[in-house]
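Working notes for the structure below.
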Amino acid sequence: MKKNTSLLLFQSLLSVISGILITQMSFLGRIGIHTMYRQFMVFRSWWKTALLFFFIQCLLFGVLYTIRSIVSLAIAKKIAWLLLLVGIGGFIATYWDFTTTMHRVMKIRFHFGFYLFWIGWAINCLYFIVAKDDMSKSILQEQEKENVDALQKEE
């Protein structure tokens, strides 16, 4: 459980740093968001951006944790690899977008904020790829303990 908490704390730190970097966009970007692309107003506030990114990272963590506890370790690792490939694809698509479209004028800090999001995604996936089978063992021990407690209550 300590490792999970450490990972989530690290993800929260990455989310805050990403949120701060993204809000330091160029003046032209601020004008564009304020006038034409109002659906991206969340990126003008660092704490809203950080909360959004942290929510997405927690959702990814929850999905991977749930999958790990339901299916076998081999299948869980394959799913984590698949999600890692999705993250790498997102990183590449973000880089391509920031270098070939009008987004290249948004300042390098803005770009780094999104790159950090995808790096956090990859760290989440790598954690579940590298982690040993301790998670399923601890879940089985918890279930066994609950069963013992239930039997003791019946007696």
Radius of gyration, Dmax [segment 1-42; alpha carbons; angstrom]: 15.1, 46
From phi via Karplus (6.51, -1.76, 1.60), per-residue ³J(HN,Hα) for segment 51-67 in Hz, x at Gly/Pro: 5, 4, 5, 5, 4, 5, 5, 5, 4, 4, 4, x, 5, 5, 5, 5, 4
Solvent-accessible area per residue, Å², over segment 1-79 with all protein chains present [probe radius 1.4 Å]: 61 Å²
In degrees, nearest ten, helix 108-130 long axis to first principal axis of the chain (Cα): 20 degrees
Segment 20-96 pair-distance distribution - Cα-Cα, 5 Å bins, rounded %: 3, 14, 15, 17, 17, 12, 10, 7, 4, 2, 0
Entry for Cα Rg over 2.2 N^0.38 Å (calculated from the structure that is shown) out of (1) 1.13; (2) 1.33; (3) 1.23: (2)
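Take the cross-link list Lys3/Lys107; Lys2/Lys78; Lys48/Lys145; Lys3/Lys78; Lys48/Lys107 and give me the ones stretching past 30 Å between alpha-carbons.
On the way: Lys3/Lys107 35 Å; Lys2/Lys78 24 Å; Lys48/Lys145 41 Å; Lys3/Lys78 21 Å; Lys48/Lys107 20 Å.
Pairs exceeding 30 Å: Lys3/Lys107; Lys48/Lys145.
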Lys/Arg +1, Asp/Glu -1 at C-beta; the chain dipole; positive extreme among Ile129, Asn4, Gly89: Gly89
Helix 134-154 vs. the chain, principal-axis angle (Cα, 0 to 90°, nearest 10): 50 degrees
Test item: Cα-centred dipole of segment 1-152, Lys/Arg +1 and Asp/Glu -1 on Cβ, debye: 660 debye
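The values are calculated or read from the model by the stated rules, or taken from the named source; none is laboratory data. Please read these numbers as outputs of a predicted model, since none were measured by experiment. Methodologically, a virtual Cβ is constructed for each residue, glycine included, from the backbone with ideal geometry; neighbour enumeration extends over all protein chains shown. Each accessible area value is taken on the protein alone, full model and side chains, heavy atoms only, with ligands, DNA and RNA left out. Shrake-Rupley method; radii C 1.70, N 1.55, O 1.52, S 1.80 Å.
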